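Novice: Here it is, the structure in full.
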Amino acid sequence: MGDHKDINLLIGEAIRLNTINIKLTKAEDLTMEPISLKADEVTNKLEELTKIEGYEDIKLLKGKKTLYCYSEKHMTGSYAKLLVGVEDGDLFALIADTIRNDSKIYPRTTDIKLFTKSPYNFKEKELMDILGQLMKSEGYEDIKESRASNNALYLYSELHLSKAYADSLTEWIEVTSLECP
């Protein structure tokens, strides 16, 4: 392994390149060539790196399985968290967090078709099965359905949107906005 500047450069470049390619860097990736850190030194090295001038864009996220890294120059923190959720395979939390964030931040209802696209990539039947289980599970009681008059299905969190407001948003998106020039 070269000097500290060389290894920092290699780590930074690897994380940034992965991020540009819409991938997170797993801590264990840094134990492989050409970086070759020892497993027990990866976390400390990453924490040090984030404090060095020129590497402030490197961010760390703790997943259920491992530590992940990304560059905020090339990916938002919310998208990185979404990718961690995909990697961790906690489908209920991943879907519910997306719905809750949409309801709270924007505020809007979430079209279920979103979950058939990247990075989720669920098949329609698989998604409907997951949603059916999620909505019956403890801790997800706030996730509710909203249907437009064309029967399009959207989801929302009643922690952040009332049923009436969610239904009006869904109807606007699916029907009214298309009827108004």
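The values are calculated or read from the model by the stated rules, or taken from the named source; none is laboratory data. Just so it is clear, the structure is predicted and the values come from calculations on it, not from any experiment. Positions of Cβ are backbone-derived with ideal geometry, glycine not excepted, and every protein chain shown enters the neighbour counts.
Novice: Look through 43, 25 and report the one residue that is in contact with a Cys (Cβ under 8 Å, 6 or more places away or on another chain), farther than 30 Å from residue 151 by Cα and in contact (Cβ under 8 Å) with a residue 12 or more places away in the chain.
Specialist: So the residue among 43, 25 that is in contact with a Cys (Cβ under 8 Å, 6 or more places away or on another chain), farther than 30 Å from residue 151 by Cα and in contact (Cβ under 8 Å) with a residue 12 or more places away in the chain is 25.
Novice: To continue, here is another question. Kindly check whether there is at least one residue in segment 50-57 that is in contact with a strand residue (DSSP E or B) (Cβ under 6 Å, 6 or more places away or on another chain) and of a type outside the set (Gly, Ala, Ser).
Specialist: yes
Novice: For the subset of segment 102-121 comprising residues that are closer than 18 Å to residue 144 by Cβ, touching a helix residue (DSSP H, G or I) at 6+ places or on another chain (Cβ under 7 Å) and not hydrophobic (A, V, I, L, M, F, W, C), which member is surrounded by the fewest Cβ atoms within 10 Å (Cβ to Cβ)?
Specialist: 108
Novice: Conditions: (1) of a type outside the set (Val, Ile, Thr); (2) more than 27 Å from residue 162 (Cβ to Cβ); (3) assigned by TED's automatic domain parsing to the domain that holds residue 56. Residue 78 meets all but one. Number of the miss?
Specialist: (2)
Novice: Identify, by number, the condition in (1) free of Cβ contacts under 8 Å to residues at least 40 places away in the same chain; (2) among the aliphatic types (A, V, I, L, M); (3) touching a Leu at 6+ places or on another chain (Cβ under 7 Å) that residue 10 doesn't meet.
Specialist: Result: residue 10 fails condition (3) only.
Novice: I need the strands (runs of 3 or more DSSP E) fully contained in segment 64-181, keeping only those with at least 3 residues that are touching a residue at least 24 places away in the same chain (Cβ under 8 Å) and not β-branched (Val, Ile, Thr).
Specialist: Output list reads 67-71, 153-157.
Novice: Limited to segment 42-63, what total is found for residues that are hydroxyl-bearing (Ser, Thr, Tyr) and either in a loop (DSSP other than H, G, I, E, B) or at positive phi (or both)?
Specialist: Residues flagged as hydroxyl-bearing (Ser, Thr, Tyr) and either in a loop (DSSP other than H, G, I, E, B) or at positive phi (or both) within segment 42-63 amount to 2.
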